[in-house]
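Encoded as structure tokens, the structure appears first; notes follow it.
The values are calculated or read from the model by the stated rules, or taken from the named source; none is laboratory data. This is a predicted model, so every value here is computed, not measured. Don't worry about glycine lacking a Cβ; one is built from the backbone with ideal geometry, like all the others, and counts go over all protein chains shown. SASA here: full protein model, heavy atoms, side chains in, ligands and nucleic acids out. Shrake-Rupley method; radii C 1.70, N 1.55, O 1.52, S 1.80 Å.
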Amino acid sequence: GEDVEQSLFLSVREGDSSVINCTYTDSSSTYLYWYKQEPGAGLQLLTYIFSNMDMKQDQRLTVLLNKKDKHLSLRIADTQTGDSAIYFCAERSGGYQKVTFGIGTKLQVIP
Amino acid sequence: GAVVSQHPSWVICKSGTSVKIECRSLDFQATTMFWYRQFPKQSLMLMATSNEGSKATYEQGVEKDKFLINHASLTLSTLTVTSAHPEDSSFYICSAAGGGSGNTIYFGEGSWLTVV
């Protein structure tokens, strides 16, 4: 079945760039997503990338996709304290709407 | 853009009672919605797929008689936790595909259930 893996924790200083990595196993993934979850809150869609793309940039966010290695990364430029949250990588296979999530990476931004 | 709304956001109930959580797609129709559960410090686990006008499809290990799902209209799916126990306390969240091409999966705000 599908499997999505992420590291559990990342700590960066305010103003630095953060890079959160994710690997997945399903070669039929069509869309890959990054969601943000703040404490006690629901999921906020940050960005998504279609599997035939290598990169997508949206303001401070840059998503890189290496489909050959099934590796996805999220880069946050000029990381702010408000970026502290858990970031979930997720993949969607084929024409299905079911999404498989990684365990989430907790990003801690140090002032 | 597409929005998915859940209600209630927080609910506390007594053991043995039933609790209903609603998931609405506010500006689009969703023939399929998904219900997830998240335990503390863990990822989201898919519980079931809610299909408009038909029975829900449950993931392995999820009790369909305990977690009743009804998708009576194209904009509303409900999850009822029946005979709730403290171990059912969790964060429940729904999702639906929205947007013109269905590219984006939108999630509700989530519902925190505490069973005492």
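Observations on the model:
- Residue that is farthest from the other protein chains (Cβ to nearest Cβ), among those in region A:75-102 that are touching a Lys or Arg at 6+ places or on another chain (Cβ under 9 Å) and open to solvent by 60 Å² or more (accessible area, probe 1.4 Å): A:78
- Taken together, the residues in region B:23-50 that are open to solvent by 40 Å² or more (accessible area, probe 1.4 Å) and either within 11 Å of another protein chain (Cβ to nearest Cβ) or closer than 23 Å to residue A:103 by Cα (or both) amount to 6.
- Filter result for residue A:110 (farther than 25 Å from residue B:34 by Cβ and either within 13 Å of the chain's Cα centre (by Cα) or among the β-branched types (Val, Ile, Thr) (or both)): yes
- Residues in region A:16-25 include none that are assigned to a strand (DSSP E or B), without any contact (Cβ under 8 Å) to a residue 12 or more places away in the chain, over 30 Å from residue B:31 (Cβ atoms) and not acidic (Asp, Glu).
- Candidates B:83, B:54, filtered to the one that is in contact (Cβ under 8 Å) with a residue 60 or more places away in the chain, out of contact with any strand residue (DSSP E or B) (no Cβ under 6 Å at 6 or more places or on another chain) and outside any strand (DSSP E or B): B:83
- Screening the candidates A:72, A:46, A:107, A:32 for the property of being under 27 Å from residue B:3 (Cβ atoms), in contact with a helix residue (DSSP H, G or I) (Cβ under 7 Å, 6 or more places away or on another chain) and either open to solvent by 70 Å² or more (accessible area, probe 1.4 Å) or not in a loop (DSSP other than H, G, I, E, B) (or both) yields one hit, A:107.
- Condition check for residue A:3: more than 10 Å from chain B (Cβ to nearest Cβ), more than 20 Å from residue B:105 (Cα to Cα), in contact (Cβ under 8 Å) with a residue 24 or more places away in the chain and of a type in the set (D, E, K, R): no
- Among residues of region A:75-96, those that are outside any strand (DSSP E or B) and closer than 15 Å to residue A:35 by Cα, counted: 3
- Residue within region B:65-80 that is more than 10 Å from the chain's Cα centre (by Cα), open to solvent by less than 70 Å² (accessible area, probe 1.4 Å), farther than 17 Å from residue A:101 by Cβ and facing chain A (nearest Cβ under 10 Å) present: no
- When residue B:12 is tested against (1) closer than 23 Å to residue B:88 by Cα; (2) out of contact with any Ser or Thr (no Cβ under 8 Å at 6 or more places or on another chain); (3) not aromatic (Phe, Trp, Tyr), exactly one condition is not met: (2).
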